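Q: This structure is in structure tokens; I'll ask about it shortly.
The values are calculated or read from the model by the stated rules, or taken from the named source; none is laboratory data. What you are looking at is a predicted structure, and each value in this text was computed from that prediction instead of being measured. Counting neighbours? That spans all protein chains shown, and the Cβs are built from the backbone with ideal geometry, glycine included. Just so you know, the surface numbers come from the protein's heavy atoms only, side chains and all, with ligands and any DNA or RNA stripped out. Shrake-Rupley method; radii C 1.70, N 1.55, O 1.52, S 1.80 Å.
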Amino acid sequence: MRKIKLGDVLDVKRGASLSGEFYAEEGEKIRLTLGNFNYPSGGFKENGSKTNIYFTGNVKEEFILKKGDIITPLTEQVSGLLGETARIPEDDLYIQSGDIGLVIPNERLLDRLYAYYLLSSSMVKKQLDSAAQQTKIRHTSPEKIKECEAWLPDMNYQKQAGALLNAIDSKIEINNKINTELELMAKNIYDYWFLQYEFPNEEGKPYKSSGGKMVWNDELGREIPEGWKIRKLETVLKKFPKTKNHLTSEYKKSGKYPIIDQSKKYICGYTDDEEGVIACRDAIVFGDHTKEIKYVNFPFARGADGTQILVSADKALSNYLLFLQIQQMDLLNQGYSRYFKFLKDKNVFIPSKILNDKFMSSIFDVTFKIREGLIENQELISLRDFLLPLLMNGQVSFKEKYII
């Protein structure tokens with residue numbers, strides 16, 4: 001291995017300065033933001049925190065990225081973001097904005113996959129952290145990234161190390177896709193049973209189309225099955241005790257318990273501290289200033305102070321059925337500290353306990369597999385983050401010349 005400066009083997013180019021007057025909620029091109037970095041789990045994600053992600057102004061061709069392009073943040077909105085990397089998932093859709101750096105490896109000297117992981121290794125991130133401008137929102141630059149030093153192995157080792165780490169990331173991505181399909185399956189069953197009212201009756205036939213009795217409900221302004229109750233959400237919630245905030249005090253990239261916060265990040269870190277860990281395997285996590293809501297069926301730690309934990313107190317309304325109802329609601333972001341109060345005033349339906357239990361039984365395998373996929377991904381992320389510094393320092397050897 002030889003010691004190099006990153007600028008010896010790659011270039012970093014800053015993105016375009018994009019005028020806010022051309023931000024839009026619809027369009028053909030999407031402007032990249034720091035929200036496209038799936039930190040701390042790694043990789044690229046769609047930005048669900050903003051609605052005006054499209055850009056309708058003119059942009060030079062050099063700033064319209066291609067599939068596989070490597071990007072890195074030049075601004076740090078959350079601690080530890082500098083040095084993270086993501087890969088563009090699609091050609092000619094995403095615009096490189098000014099706080100995003102485009103990483104261009106010299107592929108005669110630096111394998112593209114290896115470059116992707118090298119930038120996010122601890123040796124590079126520590127250098128970027130110490131060199132970052134000490135302002136409230138810290139910044140780096142293409143020049144500072146290229147000044148970072150690293151150990152560079154020969155090309156064969158680079159290819160093997162990059163392929164190994166990429167195989168782990170590919171499995172994580174596959175699990176995410178499977179979970180997305182499983183969640184859609186559960187939602188389709190919910191829609192059929194509770195929106196179309198075609199849950200199985202006592203004879204196993206679709207309720208409404210088989211002549212099941214419907215009654216008018218003034219609060220909803222429509223008919224619902226006989227026997228269903230309509231209540232305000234706040235009246236069906238169990239009081240959940242305040243728990244320790246793990247987000248700032250115990251944040252790290254691996255650990256026994258995932259930290260769930262109230263924002264789009266979902267799993268935003270890990271902790272080994274058991275104080276305040278939510279041991280229940282069935283809860284809804286919600287924030288008081290975000291539209292994001294998550295169903296969590298494994299032990300977790302509460303993240304930021306704004307994180308709300310919802311648990312149904314009614315035995316005829318399971319937490320998963322409540323979660324699916326909230327997902328269907330037309331919610332407006334009412335601002336910090338007001339949004340959760342706005343949500344609690346919403347109406348929810350409560351079917352019979354028998355029907356609720358039948359529904360949960362029908363989707364048990366789906367929710368179990370979703371849980372297994374999430375847990376496996378936690379283990380894979382921990383494995384990848386354990387291997388990353390060892391591979392970047394040449395502390396792992398390969399028996400075979402290449403990994404296919």
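Q: What is the extension gain from I230 to K50, computed as 0.36 nm multiplied by their sequence separation minus the C-alpha to C-alpha distance, in nm to one decimal? Working shown, then result.
A: Working: separation 180, 0.36 × 180 = 64.80 nm, distance 3.26 nm.
Computed gain between I230 and K50 is 61.5 nm.
Q: Here's something else I'd like to know. How much of the accessible area of the range 1-125, in percent, comes from carbon and sulfur atoms when a 1.4 Å probe is used?
A: On the way: 2430 of 5570 Å².
The computed percentage sits at 44.
Q: I've got another one for you. Please state, as a whole number in µm²/s, the translational diffusion coefficient that the Stokes-Einstein equation yields for the chain at 10 °C and 1.306 mPa s, with Rh defined as the Kirkwood radius across alpha carbon pairs.
A: 67 µm²/s
Q: Among W228, S79, F349, which residue has its Cα positioned farthest towards the positive end of the charge dipole of the chain, with +1 placed on the Cβ of Lys and Arg, -1 on the Cβ of Asp and Glu, and the dipole taken about the Cα centre?
A: Value computed over the given set: S79.
Q: Can I ask one more? Per DSSP H run of n ≥ 4, the term is -39500 (n - 2.57); total these for the chain, divide by its residue number, and report the mean residue ellipticity at 222 nm rounded to 500 deg cm²/dmol.
A: Details: 9 runs with 119 residues, N = 404.
Taken over the chain, the calculation gives -9500 deg cm²/dmol.
Q: Separate question: Compute the length gained on full extension between N58 and M155: take 0.36 nm times their separation in residues and subtract their Cα-Cα distance, giving the result in nm to one decimal. List each step's numbers first, then the result.
A: On the way: separation 97, 0.36 × 97 = 34.92 nm, distance 3.97 nm.
Contour length minus Cα-Cα distance gives 30.9 nm.
Q: Hey, got the dipole for the chain? About the Cα centre, +1 on K and R Cβ, -1 on D and E Cβ, debye to the nearest 20?
A: On the way: 57 positive and 56 negative charges, 140 e Å.
For the chain, the charge dipole is close to 680 debye.
Q: Same structure, new question: What FRET efficiency do you get for E28 and E202 if R0 is 51 Å and r is their Cβ-Cβ distance, rounded to the nearest 0.05? Don't skip to the end; give the middle numbers.
A: Working: r = 53 Å, r/R0 = 1.03.
Working from the Cβ atoms, E equals 0.45.
Q: Relative contact order of the range 64-173, please, whole-number percent, based on alpha carbon pairs below 8 angstrom and at least 6 residues apart.
A: Details: 148 pairs, mean separation 30.0, N = 110.
Contact order relative to length: 27 percent.
Q: One-quarter of the Cα convex hull surface for the range 354-402, in nm²? Display every interim value, and only then the final one.
A: Values: hull surface 20.2 nm².
Averaging across all directions leaves 5.1 nm² for the Cα convex hull.
Q: Going by amide H atoms built from the backbone, whose H comes under 5 Å of the H on G68, apart from near neighbours?
A: Placed amide hydrogens put I88, E90 under 5 Å from G68.
Q: Of the cross-linked pairs K208/K346; K136/K238; K45/K229; K144/K294; K66/K187, which ones have a Cα-Cα span greater than 30 Å in the structure shown? List each step's numbers first, then the result.
A: Values: K208/K346 25 Å; K136/K238 39 Å; K45/K229 39 Å; K144/K294 38 Å; K66/K187 34 Å.
Violating the 30 Å Cα-Cα cut-off are K136/K238; K45/K229; K144/K294; K66/K187.
Q: Against the 2.2 N^0.38 Å scaling, with N counting residues, where does the range 106-173 land? I'd like the Cα-based Rg ratio to two decimal places. Before the final figure, lay out each step's value.
A: Numbers: Rg = 14.0 Å, N = 68, 2.2 N^0.38 = 10.9 Å.
The reported ratio for this selection is 1.28.
Q: Using a probe radius of 1.4 Å on heavy atoms only, what accessible surface per residue do you get for the chain? Whole Å² is fine.
A: On the way: 20270 Å² over 404 residues.
Accessible area per residue: 50 Å².
Q: Oh, and also: If you build a Gaussian network model of the chain, linking Cα atoms that sit under 10 Å apart, which residue out of L391, L109, L165 swings the most?
A: L109
Q: Label the range 25-140 by shape, choosing from rounded, prolate and oblate, from the square roots a ≥ b ≥ c of the eigenvalues of the Cα gyration tensor; if a/c is under 1.5 it is rounded, and otherwise prolate applies when a/b is larger than b/c, oblate when it is not. Present the calculation step by step, with values, prior to reporting the outcome.
A: On the way: a/c = 1.89, a/b = 1.26, b/c = 1.50.
The shape class here is oblate.
Q: A167 versus Q133, label points 7 Å from Cα toward the beta carbon: distance in nm?
A: 4.3 nm
Q: Moving on. Rounded to two decimals, what ratio of Rg to Rh does the range 76-115 give with C-alpha atoms and a Kirkwood Rh? If you can, show how the numbers build up before the last one.
A: Working: Rg = 12.3 Å, Rh = 12.4 Å.
Looking at the range 76-115, the ratio lands at 1.00.
Q: Restricting the count to DSSP beta bridges whose residues both fall in the chain, what percent are antiparallel, rounded to a multiple of 5? Show your work: numbers first, answer last.
A: Values: 46 of 51 bridges.
Antiparallel bridges: around 90 percent, rounded to the nearest 5.
Q: Another question about this same structure. Longest segment of the chain with no GluC sites (Glu not before Pro) in a DSSP loop having at most 16 other Cβ atoms within 10 Å? It would help to have the intermediate numbers written out before the result.
A: Values: sites that count: E25, E26, E28, E46, E90, E107, E202, E203, E219, E226, E274, E275, E292, E400.
Segment 293-399 is the longest.
Q: Order the following by accessible area, largest value first: R108, R14. Probe radius 1.4 Å; ligands, DNA and RNA are ignored.
A: Details: R108 180, R14 110 Å².
Largest accessible area first, the residues go R108, R14.
Q: Still on this structure, I have one more. Membrane-span-like helices in the chain: DSSP H runs reaching 18 Å or more (Cα, own axis), mean Kyte hydropathy at least -1.0? Mind showing how you got there, number by number?
A: Details: long enough: 155-190 (52 Å, -0.37); 364-392 (42 Å, 0.47).
Qualifying helices, which must be both long enough and hydrophobic enough, are 155-190, 364-392.
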